[in-house]
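Structure record follows, encoded as structure tokens.
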Amino acid sequence: MARRDEQALSFHCLRHTAISLMKEAGIPEPVVMTIAGHSSKEESVRNTRFGNEAMQKAADALPDLTEVFRMKHDDTAPAK
């Protein structure tokens with residue numbers, strides 16, 4: 001069996017990219033699923049690849065956990 005060229009673009013690769021770009025652009029999940037022909041959300045999730053920018057955006061959306069911890073354990077904070 002011939003070995004697949006790791007650098008070659010394929011329809012499958014381009015399809016994954018298109019699905020990921022649509023999701024990153026905020027296109028509603030049902031629309032992406034219809035365009036891609038997915039019958040379940042699980043199938044759609046398996047075919048999504050997230051880039052570094054999306055991962056950084058998700059990390060940036062988290063609160064400063066050191067501040068949350070400090071506020072939770074600050075003895076001067078009013079009792080709940």
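No lab work stands behind these numbers, since they all come straight from the coordinates. Treat the numbers as computed from the prediction; the structure is a model and nothing was measured. All Cβ positions, even for glycine, are placed from backbone atoms using ideal geometry, and neighbour counts span all protein chains on display.
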Residue farthest toward the positive end of the dipole of the range 11-73, with Cβ of Lys/Arg at +1 and Asp/Glu at -1: which of MET22, ALA54, THR34?
THR34
Descending semi-axes in whole angstrom, ellipsoid equivalent of the range 11-73, from the Cα gyration tensor:
32, 13, 9
